[in-house]
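Structure first, commentary second.
The values are calculated or read from the model by the stated rules, or taken from the named source; none is laboratory data. Remember, it's a predicted structure, so these values are computed and weren't measured experimentally. Glycine gets a Cβ as well: all are built from the backbone with ideal geometry, and neighbour counts include every protein chain shown. Ligands, DNA and RNA are excluded from the accessible area calculation, which covers all protein heavy atoms including side chains. Shrake-Rupley method; radii C 1.70, N 1.55, O 1.52, S 1.80 Å.
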Amino acid sequence: RHSAKEEMASELESYVDQIVNVITNDGRNIVGVLKGYDQCINIILEDCHERVFSPESGVEQVVLGLYIIRGDNVSVIGEVDEDEDIAIDYSKVTGEPLKPVVH
């Protein structure tokens with residue numbers, strides 16, 4: 001029997017070399033190309049940026065480049081539809097930042 005983390009890690013294989021959006025437990029929204037991961041869901045993102053949401057102004061996109069996220073800080077990983085993502089003008093998108101996950 002496999003643990004939940006092992007099952008999640010095996011599901012990530014189809015996301016390798018794809019653009020993904022990662023929501024972290026501390027509420028960060030990071031988008032980049034998934035280059036690698038391990039059984040603890042530690043992930044490596046390339047060409048990534050953080051989307052910082054604000055209720056007053058548009059989304060700030062902070063360039064991070066190559067980035068490693070510890071598995072115990074990953075809340076959600078999802079594949080990004082590039083065509084839909086490019087069509088969104090994030091400079092006009094406003095919203096409250098996500099609150100940290102509380103266990």
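For segment 48-82, the set of GluC sites (Glu not before Pro) satisfying both a DSSP loop assignment and a count of at most 10 other C-beta atoms within 10 Å is given as GLU56.
If you run the Gaussian network model on the chain, springs between alpha carbon atoms under 10 Å, then out of ILE88, ILE19, ILE69 the most flexible one is ILE88.
Of the solvent-accessible surface of the chain, computed with a 1.4 Å probe and all protein chains present, 51% belongs to carbon and sulfur.
In order along segment 77-87, phi translates into HN-Hα couplings of 10, x, 6, 9, 7, 4, 4, 5, 5, 5, 6 Hz, rounded to whole numbers, per the Karplus curve 6.51 cos²θ - 1.76 cosθ + 1.60 with θ = phi - 60° and x for Gly and Pro. Think of it as helices only: each DSSP H run of n ≥ 4 in the chain is worth -39500 (n - 2.57), and spread over all residues that comes to -3500 deg cm²/dmol at 222 nm. Scanning the chain for trypsin sites (Lys or Arg not before Pro) lying in DSSP loops with no more than 15 further Cβ atoms inside 10 Å, the longest uninterrupted stretch between such sites is 2-69. If the segment from VAL80 to ASN42 were pulled out straight at 0.36 nm per residue, it would be longer than the present Cα-Cα gap by 11.8 nm.
Other residues within the sphere of radius under 13 Å centred on the Cβ of ASN21, judged by their own Cβ, net out at -4 (K and R +1, D and E -1). Per residue, the accessible area of segment 1-84 comes to 59 Å², computed with a 1.4 Å probe over protein heavy atoms only.
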